[in-house]
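Single-structure report; data block below.
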Amino acid sequence: MAAAFGLTGAALTAQEANQADPGPSIDAYRDRMMKEAQADADARRSGRVPQTHRWLSDSAAAIVVPVAQQSSLPQRESLLTQPGAASQPAPAEVLAEIPEPADSEQVFAERLDRLVRSAPREMRIVNNYKRVIEKARTYVQRVRRTQPIRLSLAECIQRTLANNYSIRVEAFTPAISQTQLVQAEAAFDSVFFLDATSSRTDQKGATIDLEQPQVDGRTYSGGIRKLLPTGMTVETSLGQTFSKAKVDEKQNTAYNPAYDTTFAVQFSQPLLRGFGLDYNRAPINVRKLDVRINKEQFLIQVRDRLFDVERAYWQLSQSRRLVMILAETTAQNAVTYENTEARSANDASPIEVNNSLSRWRQAEVEFARAVKTVKDAEDVLKNLMNDPDFLLSQDVEIVTTETPFVAPMAIDQFAEVRSAIDERSEIRQAKLAIEQGRINTARAKNETMPRLDVSFRYEVQGLRGSADSSFDLMTANRYNSYAVQAILEIPIGNRQRMASLREAELREQQSIERLRQVMDGVVQDVNNAVRELNFNYESIPTQHNSVTTADLSLRAFQERIDRVDPNTLQTELSQIENLGNTRARLAQLVVDYNIAISNLERAKGTLLRYNNVVIADEKHRP
C-alpha cells in the first residue's frame with residue numbers, strides 16, 4: 001500500500017510496555033525455532049540483513065538475526081520456503097486470461113486480433129467469434145449499473161477504518177477500561193466529610209434520688225479522610241457539640257448551655273492483612289492490565305476487519321472476472337445453438353437442436369448465478385465498509401481497480417513464526433492475563449493472614465459556655481489526650497480465604513496453560529498460512545498451462561475440421577466450455593493467492609503495518 005492511514009479512537013493506542021516474562025516456555029519456543037538448521041547455516045553465513053519477503057531473483061543466502069531478548073543466540077541462515085514450480089508465467093500472461101469486465105472491449109478486440117493474425121484455415125472461426133463478441137457484450141452489460149464506482153483496495157481499507165461498525169463499537173472498550181482504572185485509582189482520593197446531629201435525651205434515672213435531666217444537643221463535625229498506598233487510613237476532624245440540660249436553677253452546673261470543641265487526628269495501619277503497596281495498589285495494577293488487554297483486543301478487531309475487507313475485495317474481483325469468463329462461454333453456447341438450429345433442415349436432428357438449446361439455457365443459468373454472486377459480494381464489501389456513500393439500499397456497481405498480485409515470493413518460515421510470536425496481540429493478551437493472575441494470587445495470599453491493626457488517636461478539647469470561647473480554649477492546646485489501640489483477629493479454620501487463594505492460584509495456572517495454547521495456535525496459524533500461500537502460487541503456473549493447453553487444443557481442433565456437422569459443433573462447444581472452466585479455476589487460484597498473502601500477514605500480526613495503518617492514541621488527535 002502506498003498510502004498511510006491514521007485511525008483514532010477513544011483511548012486507542014499501540015504502545016508496547018515492558019512485561020514480566022511469564023515463564024521459560026516462550027524462550028524455549030524461540031530457542032527451538034532459532035537453533036534448527038544452524039549447522040548448515042554456519043558454513044554459508046554472509047552477514048546480510050534479513051528480509052521477510054524477497055523476490056526469487058535475490059539468490060544470496062539471508063541471515064536471521066536473533067531478537068534483542070535473545071542476543072546471545074547465534075545467527076543462522078533463513079529457511080526459505082520457495083515456490084517449487086520450475087517455470088513461472090509472466091504476470092501479464094496470467095491476468096490476460098482472467099480480465100476485468102470493465103476492460104471487456106479491449107480484451108475482446110485483442111483476442112479477435114490474435115485470432116485473425118493466427119490465419120485460421122476457415123473464416124467461419126473468425127466470423128463465429130465476432131458473433132460471440134456481440135452476444136458477450138450483451139451479457140457483460142447485465143453486471144453493469146448506472147452508477148459504477150471504481151475503488152482501489154487502499155480506498156476500501158480507508159473507508160473501513162473510518163466507518164466500520166465493529167471497529168467503532170470495539171473502540172469504546174479501551175475508553176471504558178480507562179474509566180474503570182480511574183475508579184480504582186479513586187480509592188486513594190481524599191474524602192471530605194461533614195456530619196450534623198440534633199438530639200434530645202430524656203431518660204428516667206436509675207434511682208429515685210438521681211433523676212436524669214432532659215438534654216437537648218446538637219453536634220457538628222467535619223474533616224478529611226484519606227487512604228494511603230500502605231493501607232494506612234488518616235483522618236483529621238474538627239467538631240463542636242452543644243448541649244443544654246433542663247435542670248433546677250439551684251442545681252450546681254459548670255456550663256449550661258455547654259459548648260465542647262474537639263480537634264482530632266487518627267491513624268489506622270494494618271500490619272498483616274491489608275498491609276503494603278502491592279496489596280493496596282493491586283486493583284489499580286489489574287485495571288491497568290485490563291486497559292492494555294482491551295487495547296490489544298481493539299487491535300485484533302481492526303486486524304480482523306482489515307483482513308475481512310481484503311478478502312471481500314478479492315472475492316468481488318474474482319466474481320467479476322468469472323462473469324467475464326462466463327459471458328464469453330454463454331455467448332458461444334448461444335452461437336452454437338444458432339448454428340445447430342440453422343442445420344436442422346440438413347443434418348441436425350431435433351434431439352441435437354434441443355441438446356444445444358438445453359446447454360445454452362444451462363449456461364445462462366450459471367451466468368445469472370455469477371451475476372448474483374457479484375451483487376452479493378458487493379453487499380459484503382459495503383457491509384464491511386459501512387460507508388454512508390455506499391448504502392446497501394443503493395444499486396451501486398463497485399469496480400475493483402486493484403491488479404491481483406501474481407509475482408513469486410520467498411518466505412522464511414522460521415522468521416514468520418518468530419514474528420508472529422512477537423507481534424500477535426493474542427499472545428500479548430495471554431501474557432497480560434498471566435500478570436493479572438499473579439497480582440490476584442499475591443493479593444489473595446495476603447488476605448489469608450490474620451488481621452492485626454494498630455491505631456493512634458490524638459484529641460485537643462475546649463469546653464466553655466459559648467462557641468467562640470470554646471474554640472479559643474481548644475486552640476490553646478490546654479486539654480489534650482491520646483489513645484493507642486491494637487486489634488487482632490484470627491479466623492478459625494480460615495477456609496473462605498484459603499479457598500480464595502487456591503482459586504487465584506488455579507486461575508493463574510490456567511492463564512499459563514492458555515498462553516501455551518495460544519502460542520501453539522499462532523504457530524499452527526502461521527504454518528497453515530505459509531502452506532496455503534505456497535500451494536496457491538505453485539498451482540498458478542500449472543493451471544495457466546491448463547488454460548494455454550485448452551486454448552491450443554481448441555484452435556487445433558478448429559483447424560482440423562473438414563466438415564461442419566452437429567457433432568462437430570457440440571465437440572467444439574465442449575472444448576470452449578473446458579477453456580472457460582480452466583480460466584475460472586485460474587481466477588480462483590489467483591484470488592486465493594492474494595488472500596493468502598493477507599492471511600499470512602494476519603497470522604503474523606503484522607497486517608496493520610503491511611497496510612500502513614497506524615493506531616493513534618486519543619491524546620494525539622489533531
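Quick notes on this structure:
- Only listed residue being at pLDDT below 90 and polar (S, T, N, Q), chosen from SER425, SER356: SER356
- On the stretch given as segment 570-591, residues that are closer than 18 Å to GLN543 by Cβ and either surrounded by 22 or more Cβ atoms within 10 Å (Cβ to Cβ) or not charged (D, E, K, R) (or both) total 15.
- ASP278 vs. criteria open to solvent by less than 50 Å² (accessible area, probe 1.4 Å) and charged (D, E, K, R): no
- Segment 336-390 - residue that is open to solvent by 30 Å² or more (accessible area, probe 1.4 Å), of a type outside the set (Asp, Glu) and not in a helix (DSSP H, G or I) and, of those, nearest to LYS135 (Cα to Cα): ARG343
- Residues satisfying the stated conditions in segment 440-457, i.e. open to solvent by 70 Å² or more (accessible area, probe 1.4 Å) and in contact with a Phe, Trp or Tyr (Cβ under 6 Å, 6 or more places away or on another chain): PHE456
- Output for segment 488-525, where each listed residue is surrounded by fewer than 13 Cβ atoms within 10 Å (Cβ to Cβ), out of contact with any Leu (no Cβ under 7 Å at 6 or more places or on another chain) and among the aliphatic types (A, V, I, L, M): ILE490, ILE492, ALA499, LEU506
- Residues in segment 377-388 that are charged (D, E, K, R) and in contact (Cβ under 8 Å) with a residue 24 or more places away in the chain: 2 in all.
The values are calculated or read from the model by the stated rules, or taken from the named source; none is laboratory data. Computed from a prediction, not measured in an experiment: that's the story for all the values here. Neighbour counts run over all protein chains shown; Cβ positions are idealised from the backbone, glycine included. To get the accessible areas, we keep the full protein, side chains included, count just its heavy atoms, and leave off ligands, DNA and RNA. Shrake-Rupley method; radii C 1.70, N 1.55, O 1.52, S 1.80 Å.
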